[in-house]
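Undergrad: Please find one structure pasted underneath; my questions will follow.
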Amino acid sequence: MAVGVLALQGSFNEHISALGRLGVKGVEIRKPEQLENVSSLIIPGGESTTMAKLAEYHNMFPALREFVKMGKPVWGTCAGLIFLADKAVGQKTGGQELVGGLDCTVNRNYFGSQIQSFEAELSVPKLVSQEGGQETYRGVFIRAPAVLEVGPGVEVLAEYHVPSANVLYSSSAVQIQEVGNMENAVPEKKVIVAVKQGNILGTAFHPELTADTRWHSYFLKMANETGEASSSSLVPAIGVNAAIGERPRIDLPVFQ
Ligand SMILES: NC(=O)CC[C@H](N)C(=O)O
């Protein structure tokens, strides 16, 4: 069965294109009944409050919760991670509905506003042990969330070392302050940016915006392990530098 991509708002086209590069068909999901035709689902990045309003308007929440509860593989990237978290802080007044299922607390805009978006090389040992390729993964963080706390069943797949110049003083409010004076500098802090709990995968960054398809391949293998996804999903990852002898490519965001 094809992989569903929630297509209410955000980077669903980019996910579909990344799946396409792995030879897998992504199906746009906009209505609850369309979830019956897919065995796994990607919830893209975007803006979670807007996405939640659209999901509510289209009566998607009960079907999405049911999908997660049934143990079908679901991957949330950025806003999608917020959707899947059991708890989110830093929400707009009035809050927003969440799908939940992932035993963690996220901070919606942990790293600050849009202009504080960044890219970073992440250490991803689990991903590399399964997918191969280069040791690090280049995460694109766009007004990104971070995971503040995880429950016992949640595996941490990647952490980001917040540079000591950008010290986060509060975990519940968006507050990144520049430290001009080294006397005030506090030690580098780590925050969780990729998690897995059973068949739920969450990444605070946007793998759909880079040419490195290892996270998509990782998710497809999760989906295949449940025995429900189409066998065509079993294709190797095309990680950056994965091909022997290939010169390192500059992994610019990909819009295809
Ligand atoms: N790039 C993203 O998906 C950003 C998510 C954003 N922080 C939100 O609240 O929805």
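Undergrad: Please give the peptides 71-78, 92-99, 208-215, 144-151 ranked by average Cβ packing (other Cβ atoms within 10 Å per residue), highest first, as a rough proxy for protection.
TA: 71-78, 208-215, 144-151, 92-99
Undergrad: Where does the charge balance sit around ALA194 when Lys and Arg score +1, Asp and Glu -1, over other residues with C-beta under 9 Å from its C-beta?
TA: Summing Lys/Arg as +1 and Asp/Glu as -1 gives +1.
Undergrad: If you don't mind, another one. Per residue, how many Å² of accessible area does segment 50-128 show with a 1.4 Å probe?
TA: 43
Undergrad: Suppose the chain between GLU47 and GLU135 were pulled fully straight at 0.36 nm per residue; how much longer would it get relative to their current alpha carbon spacing?
TA: Result for the pair: 28.7 nm of gain on full extension.
Undergrad: Ignoring ligands, DNA and RNA, please state the percent of accessible area on segment 23-107 from carbon and sulfur, probe 1.4 Å.
TA: So the carbon and sulfur contribution to the accessible surface is 50 percent.
Undergrad: If we count every other residue with Cβ under 11 angstrom of GLU66's Cβ, Lys/Arg +1 and Asp/Glu -1, where does the sum land?
TA: Net charge around GLU66: +2.
Undergrad: Label-point separation (nm) for GLU155 and SER123, each offset 7 Å from Cα along Cα-to-Cβ?
TA: A separation of 1.8 nm, rounded to one decimal place.
Undergrad: Mind scanning LYS72/LYS196; LYS25/LYS221; LYS53/LYS196 and naming the pairs with a C-alpha gap bigger than 23 Å?
TA: Flagged as over cut-off: LYS53/LYS196.
Undergrad: Would you mind putting 105-115, 5-15 in packing order, based on average other-beta-carbon counts within 10 Å, highest first?
TA: Result, highest mean first: 5-15, 105-115.
Undergrad: Calculate one ³J(HN,Hα) per residue across segment 191-199 by plugging θ = phi - 60° into the Karplus curve 6.51 cos²θ - 1.76 cosθ + 1.60, and present them in order as whole Hz with x for glycine and proline.
TA: Result, ordered by residue: 10, 7, 10, 8, 9, 9, 9, x, 9 Hz.
Undergrad: Let me ask something else. Tell me which lysines have Cα within less than 27 Å of LYS190's Cα, excluding those fewer than 8 residues away on the same chain?
TA: LYS87, LYS92, LYS126
Undergrad: Let me ask something additional. So what's the net charge close to ASN13: Lys and Arg +1, Asp and Glu -1, counting the other residues with Cβ under 14 Å from its Cβ?
TA: Overall, the nearby charge balance is 0.
Undergrad: Now, a different point. So how exposed is MET1, as accessible area in Å² (1.4 Å probe, rounded to 10)?
TA: Its accessible surface works out to 110 Å², give or take rounding.
Undergrad: Please report, in debye to the nearest 20, how large the charge dipole of segment 1-134 is about its Cα centre when each Lys and Arg carries +1 at its beta carbon and each Asp and Glu carries -1 there.
TA: The calculated dipole for segment 1-134 is roughly 140 debye.
Undergrad: Between ALA55, GLY23, LEU98, whose Cα lies farthest towards the positive end of the dipole of segment 8-124 when Lys and Arg beta carbons carry +1 and Asp and Glu beta carbons carry -1, centred on the Cα centre?
TA: ALA55
The values are calculated or read from the model by the stated rules, or taken from the named source; none is laboratory data. Being a predicted model, the structure only gives us computed values, none of them experimental. For neighbour counting, all protein chains shown are included, and Cβ atoms are generated from backbone atoms with ideal geometry for every residue, glycine included. Protein only, heavy atoms only, side chains kept; ligands, DNA and RNA dropped before computing areas. Shrake-Rupley method; radii C 1.70, N 1.55, O 1.52, S 1.80 Å.
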